[in-house]
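First the structure, in the form of structure tokens, and then the observations on it.
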Amino acid sequence: MKRIILAAAMTCLAASAYADGAVTGAVGGAATGAIVGGPIGAGVGAVVGGVTGAVIDPPPAEVVTYVQQAPMPAQPVIVQERVAVGAALPADVVVTPVPDNPHYGYVVMGQERVIVEPQTRKVVQVIQ
């Protein structure tokens, strides 16, 4: 079983190695999967992370730093749906633009800061 999962992970990496996001996603997914599910979780995490990483590139470091240091709003946003990378935020959520990079915006939800693509409203990264 481990060999099948490892083979699937390697196939995914080979097929999408041209995309930096896939490699980053696979490595991050493998690390997270290993923590949660051990060796089998690492294989599954690598495959899922590779697929997710190929779809959405992480934001630049300066965008992450800006969002981390932005002041907390008076009223944090509350969303009923689960917020996940790749999911779109509801239309009624106000996205604050990142001043130096119009390709990104952010929303503060409780203790989480969520980096968003303003045009699509898709979640790019969740910072806890």
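Working from label points 7 Å from Cα in the Cα-to-Cβ sense, the Glu81 to Val93 distance is 0.8 nm. Note on Glu112 and Gln128: the model spin-label points, each 7 Å out from Cα along the C-beta direction, lie 0.9 nm apart.
Using the Karplus relation 6.51 cos²θ - 1.76 cosθ + 1.60 with θ = phi - 60°, the per-residue 3J(HN,Hα) values for region 119-126 come to 5, 9, 6, 7, 6, 9, 7, 10 Hz, with x marking Gly and Pro.
Computed 3J(HN,Hα) for region 88-93, one whole-Hz value per residue from the Karplus formula 6.51 cos²θ - 1.76 cosθ + 1.60 where θ = phi - 60°, is 8, 7, x, 5, 7, 7, glycine and proline marked x.
Any read-out appearing in this document is the output of simple, stated calculations on the displayed coordinates, not a laboratory observation. Predicted, not measured: the structure shown is a model, and the values here were computed from it. Every residue, glycine as well, gets a Cβ built from its backbone with ideal geometry; the counts of neighbours run over all protein chains shown.
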